[in-house]
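Quick one: the structure is below, and I'll ask about it shortly.
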Amino acid sequence: MSVVIAIIVFSLLIFFHELGHFLLAKKNGIRVVEFSIGFGPRLFSFEKGDTRYSLKLLFFGGSCQMLSQDFYDEKEVEQDKEHSFESKSVWARIAVVLAGPMFNFLLAWVLAVVVMGFVGYDKPVLNYVQEGSAADEAGLKEGDLIREFNGETITLGREITVELFINPVSEKEITVVYERDGKTYTTSVLPKYVKKYAIGITYNAQESGDASVSDVVKGAPFAKAGGKKGDVIVAIGDTEITGSDDLYEYFQSHPLTKDKIEITVLRDDEEKVLTVTPKLSSEGYTMGLSYNTYRYETNAVETVKYSFAELKYQITSVFKSLGLLFKGKLGVKDFTGPVGIVDIIGSTYNNAKSEGMWMAFLNVANITILLSANLGVMNLLPIPGVDGGRLVFLFIEAIFRKPVPRKFEGVLTAVCMILLMVFAVFIMFQDIRKLM
């Protein structure tokens, strides 16, 4: 099932990309010889006007074959020269080439409207500020709406996550612009160096209900003290814990230290008191706050507004990732190709289908938003062999009013295509190795 869903997703991405080229080619009077869904031998086709529309055997993506010297020799192009790609103005050709990536962005936006319309957006509000922390001393409070973080405009909670990934918290001061009670404030947070301790348990702080331990790290303090998966925490020291919300609040207001704590758990209707000695899990600079990354439902107008914010987030995240690549902070090992994407789509579907097919669809749609935005950006890169490379040659023609020599463009494009193919094969084997 995972492979089938992945094929549908890939097909949708490529179809929309080619549809963009097709519609702008028609708009500019360029003959589209064939517009097809899929590749390989034709299963079914018909002609309408001067275009053949085909359904092909390999139902994967599609193609938009224009009357162009890229596909046909000069004699064939000369027979209908006025409707060829090369006969149109440079700006018309730029529009046709640009339309493919733009339609990928359009698809991402449409899906973002659907997803946000049903599950909302991740409102960037602070859901916790530790007492005495750097954030607390800077005047930040729970419920503050973050508008700017470290110089970056913030609309979604995930944008804070991206900024912290690119620029991890250090000894450097962080400027935060926030809203509270309808007023805007600016403050500076000077992170503190702290040590964090853990007991090695996992529980769901976002669900109401008892404080049940969903997982226990093998050999961690809680396990060494006799704790087990499925234990329900009912008290820590003298503090009664009535549910997962209480447990979350306790850990937020009472950060673990190296000192022993007594945890009372309920197991098989019997209470047991465990003496747990927390273990140092990490140390470094921290602001002492946490922010929302969960979805808030919203109205129709804001759904459209935040759908544009989602598209912006996805596009800028790709560019920021490429920036990290050039800076050496990301490597080739961090790339994922089709094999890895199929695995991600499959995992997303399998994890969500227990909540119903509609939720599974929304989760896969969310992955498709990311992939469509990525495809749009990658196709705009100035690399011969993709749309961005063709756009570079066309912009050179627009500036100097003379096309780049066709032989030079062809050789450079062929070399880059070979390199891209080699890189794609390398990424594919890397993905396979990761799955083994």
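The values are calculated or read from the model by the stated rules, or taken from the named source; none is laboratory data. It should be emphasised that the depicted structure is a prediction, and the values quoted were computed from it without experimental measurement. Note that we place each Cβ from the backbone using ideal geometry, even for glycine, and neighbour counts take in every protein chain shown.
Here are some residues: T242, T298. Which one is within 30 Å of E159 (Cβ to Cβ), out of contact with any Asp or Glu (no Cβ under 6 Å at 6 or more places or on another chain) and assigned to a loop (DSSP other than H, G, I, E, B)?
Only one candidate passes the filter, namely T298.
Okay, residues lined up against (1) assigned to a helix (DSSP H, G or I); (2) closer than 23 Å to F15 by Cβ; (3) in the same structural domain as R158 (by TED's automatic domain parsing):
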{"residue": "G340", "(1), (2), (3)": "yes, yes, no"}
{"residue": "Y349", "(1), (2), (3)": "yes, yes, no"}
{"residue": "S354", "(1), (2), (3)": "yes, no, no"}
{"residue": "N366", "(1), (2), (3)": "yes, yes, no"}
{"residue": "L370", "(1), (2), (3)": "yes, yes, no"}
{"residue": "P382", "(1), (2), (3)": "no, no, no"}
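State all residues of segment 383-436 that are of a type outside the set (F, W, Y), out of contact with any helix residue (DSSP H, G or I) (no Cβ under 9 Å at 6 or more places or on another chain) and within 27 Å of W91 (Cα to Cα); if no residue qualifies, say none.
Correct list: V392, I396, I399, P405, R406, K407, G410, V411, A414, V415, M417.
Working only within segment 288-318, note down all residues that are among the acidic types (D, E) and surrounded by fewer than 14 Cβ atoms within 10 Å (Cβ to Cβ).
E297
Which members of segment 98-109 meet the condition of being within 22 Å of I154 (Cα to Cα) and crowded, with 22+ Cβ neighbours inside 10 Å?
A108
I've got another one for you. Given the residues S54, S45, which is the only one that is part of a strand (DSSP E or B) and free of Cβ contacts under 8 Å to residues at least 12 places away in the same chain?
Just one listed residue meets the conditions, S45.
Condition first: part of a helix (DSSP H, G or I), assigned by TED's automatic domain parsing to the domain that holds F165 and more than 18 Å from the chain's Cα centre (by Cα). Can you find one or more residues in segment 312-325 that meet it?
Within segment 312-325 (the criterion being part of a helix (DSSP H, G or I), assigned by TED's automatic domain parsing to the domain that holds F165 and more than 18 Å from the chain's Cα centre (by Cα)), the answer is no, since none of the residues qualifies.
Oh, and also: Of the conditions (1) of a type in the set (F, W, Y); (2) at pLDDT below 95; (3) touching a strand residue (DSSP E or B) at 6+ places or on another chain (Cβ under 7 Å), Y178 fails just one. Which one is it?
Failing condition for Y178: (2).
Another question, if that's okay. If you take the residues of segment 110-124 that are surrounded by fewer than 22 Cβ atoms within 10 Å (Cβ to Cβ) and touching a Ser or Thr at 6+ places or on another chain (Cβ under 6 Å), which of them is farthest from M359 (Cα to Cα)?
Once the filter is applied, the top-ranked residue is V113.
Please go through segment 20-33 and pick out each residue that is surrounded by fewer than 19 Cβ atoms within 10 Å (Cβ to Cβ) and at negative phi.
Those that are surrounded by fewer than 19 Cβ atoms within 10 Å (Cβ to Cβ) and at negative phi: L23, K26, K27, N28, V33.
Residues being of a type outside the set (D, E), farther than 24 Å from G132 by Cα and in contact with a Gly (Cβ under 6 Å, 6 or more places away or on another chain): count how many of those fall in segment 256-296.
Number of matching residues: 3.
Tell me, which residue of segment 186-238 that is assigned to a strand (DSSP E or B) and in contact with an Asp or Glu (Cβ under 6 Å, 6 or more places away or on another chain) is nearest to D269 (Cα to Cα)?
The extreme case among them is V232.
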